Every structure is written in structure tokens, then in C-alpha cells.
1. Could you calculate the FRET efficiency of A:Gln135 with B:Arg103 from 1/(1 + (r/R0)^6), where r is the beta carbon distance between them and R0 is 22 Å, rounded to 0.05?
2. For a quick check: sort B:Val76, B:Val106, A:Val67, A:Val114 by the number of other beta carbons within 10 angstrom, fewest at the front.
3. Within a Cβ distance under 13 Å of B:Met93, other residues only, what is the Lys/Arg minus Asp/Glu net charge?
4. With no solvent and one equal point scatterer placed on each C-alpha of the range B:176-283, evaluate the Debye formula and give log10 I(q)/I(0) for q = 0.24 Å⁻¹, two decimals.
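Throughout, read-outs are computed from the coordinates displayed, never taken from laboratory work. These figures come from a predicted structure and were not determined experimentally. Every residue, glycine as well, gets a Cβ built from its backbone with ideal geometry; the counts of neighbours run over all protein chains shown.
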Amino acid sequence: MRYSLITILAAATLIASNALAKQQDVPLPHPQVDELLECTEPFCLWVQPQICVAENAPAVCKETVSVNWRSEEPLNAYLAFDEQVLACWQTQANGSWLGELTWFGDEILVLFTVDESDLTAEGEWRERPRRTSRQQFLNSLDVLASTEMQIQSLFPKARRRLGSPWSVF
Amino acid sequence: MSAIHAMPTVYRTLSAVALATCLCLPASAEEANTSFVEDFNEQLKVFINELNIRVAMGYGERSSIVRGTDPLSFYVLPDVSYYGERFFFDNGMVGYSLKQGRRHEVSLFTKLNTEFSFFTDSITGYWFGDAYSGVSSFRNPSPSDGWEDEPPSVDNIAKRSWAIDAGIRGDYYPADYTHIGVVLSQDIRNKHRGQWASVMVSQGVPTALGNFNFKGELTYKSQDLVDYYYGVSSRDNVAPNYYYRGRSVVQPALSVHWQYPLSDRLSIVGSGRYMWLGDGVADSPLITKDTTTTFFLGVSYAL
């Protein structure tokens, strides 16, 4: 089943509330009630945080991330990050996941659905052959919603040096 | 020295409001207390759109392999690089990155072929491409016995020109401080008309005694390339019994680089490189050794 319209709610208030939660070392597992009410689409996904601030170079973020989703109809949903499956739900209308993610600025967090025919007798996803690129991986999925994990770096952008230092001969 | 951090970056999750606040805050204690390891990690990277110039003064030498040359001595070693988002210049290599990933990069590049540097024993000759005067390309038999029976050397062979190569390179960084590179390259100046390809693995090792970098390389050089520089033929002013046709080689090389930071700008640097020439080169009557070594020890200053 494919949903045409996807909504990702990542209001500043959400992230702010998460920052508040970080201070107390208790990440909020669910979106606040008013955020849930805002979901008028067939499918909604909340990810917090989606952005982190790196104070040093190289820009790397390692964060506890909370993911919540809600659907009008029950479905088989899989959550993947950087082409790795993190969680799956069978015939559910909502779900939540909380875990640590490391991102470098261009990774995609994606929630996709899987046809019954792609499930084993035990209800596990029959994993498709490994794709060569992220785009191919995304193209091969029936995507419900996706979001890019971002980094705001306070430092000038750096890149790896390709040549060897002092190699003049 | 502080403990090795798997991930030296300090990060913090903040809202847009908190971001603005953070920009006004003084640097955190962690940031101020930069460890050796963090410095080392930063050395492997460069800030984009910044010109990086370092100059090392000391003494370095590369052993001679071509008959008639002395070891190449040098006292100043420059290290110049400039990286944009995709464009880069790095010690004579100019390139453009086609694909950039978190752990890999694919780039087109062009660089000076340094093979002709073996034909000079003067660093200025090397820098300015005038390796040695060379002789006329025409035969010049001595009137008495037809040929002087002298083995080929830089004094009696035709000049070998410097070449510019261009190609594609793939760089992969499987772990912190580990760099794997693959390079395919071709002459674009129609000089040696050959190709070379190289695979290298380098590993950085930060220690209390400074930062070490160990590198292993395997370089393939095609027959045309080897023959242009190390072959001996009618273009050279030597007896025909010295004629030699170069063969393709695979040249292994090992190198180590050491850097000990004294301050933000000053460091002690040392490096050594050992390369096996391969039979296709070493069998040439122009060549007197089958390996070459390079070393340098000095103090570097970052401008």
C-alpha cells in the first residue's frame, strides 16, 4: 500500500522539548499531544532530533533519536537508517523507536512498508539483495516517509586530504 | 596525553534557539583541551577554501639510481595544498572530485610525472624541469673506433623530458587514520606515452612520541613509460651493445612519516621512503642500483 502524501513534523518546539529532555537525561519517547492532533495526513512520522550542532570538525553526530509514526490503516512497516533496518512492525497503525544513531550529515532515515509476499512465514522481511547505492536502495522500497539527518557545523567545512603531505617526489 | 577518543567531535543537540545561544558561548572546556589525537585527526583533513602552506627546513637526500648522477640533496621541502568543495591542488596534483562520500572519494586528477627527477642531482633542476642538459638526439660516433665504449649515463644519453599524467583515483577511508588509494594514470603530454597504476595503504598512528604514518605502495609502470626513461637506444649516444628495451615493472615502496608538534605552527618532521625499482628498470645499463631511498629530517613551519 502506498500513501501519496507524507508529513514529517519536526517543529522547533519538538526539538526544543527534546533539548529540554536531554538536560534531564530523559528523552521524550512520544510527540506531544497537540503534535499528534496536527497529523491530518494518512501517514505521519515524527523524528527528533533531525538536526544536531557539531562544535568541532569533523562534523559527526551521535544522538539518541526518537522516531514515532502513525497511520490511518494498519500496515507492515520497517524503519531503516543508512540502509540498515532498525525496527519492524507487523500490522500496526502506529509505532515508536528510540535508539542511538550516528550520522555525518547526509544519511536518510526511512520508513517503508513491505508486501505480505516479501515476508517469511515467521513474518520477517525477506531481505532484498544488497543495493549498490543509497538511491537504488530507496528506489527499491515502498517508502512511507523519509527524512535526512542533518548537521549544523560551527566550524568551516573540512575534507580529507587526498595527497600525502610532503610528497613532492 | 589524554585517552584516545573514538569520535573526537564534541556535539550537542540543540533547537534553533539554542543554536543561537550556543554561538555566543565561549568555547567549551573540552574544545580548549585539544588532545594530541584530535590534532592528529585534523592533520589528515584540510579546511576547504583555505590555502595551506608549510615549509620544512632541514636536510634530505634521495639516493641516485642513474649512472652519472649524485644523490639528490635538498634543504627545503614545501607542502602546499588547497581544497575547494570539489577542486583540489595538492603538491603538484590538480584534481576534481566527481563523487564524495563519507568514507570514499572518486576524483579526476593531473600531476607532474616525477620520473625525470632521477636524472638530476640538483633540486633546482628538478623544480624547473631542466633535469640535465642531455645530448643531441643524433648519433655522434667518435672518429677513431666508431663509439666511445662508455656505459650510458646522464652525460651521453638523450634528454628525457618531464611528463604530465592524468587519470582517475579512488580513495577509501575504512577507519580513522586509515587511507586506501587506487590510482590509474596515463601520459597526456605525449612523452613517455605510457601508463601507471598504483595501490596504496596508509595508516596513521598517534603516539606520545609524535604522530607516525606508515604507508605501503605497489606501483605498476607500463613498458612504454619504463622504456622512455630507462631504455637505451639509437637516440642515445652510446654503443649499440648497451641498447636496452625497458620492461613493465611493479615497484613496491614502504614509507614512514613522523611529525612531532612543538607548537601550533612548528613541528619536527621526518620521513623515509624505500622503493624497489623492479627488474624492468634495474636491468637497464643506465641504472646502478635496484632500490632507492629518500629521507628528510627538519623543522616545519605552517604559514
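1. 0.80
2. Starting with the residue having the fewest Cβ neighbours, the order is B:Val76, B:Val106, A:Val114, A:Val67.
3. So the surrounding residues net to -1.
4. Result of the Debye calculation: -1.21.
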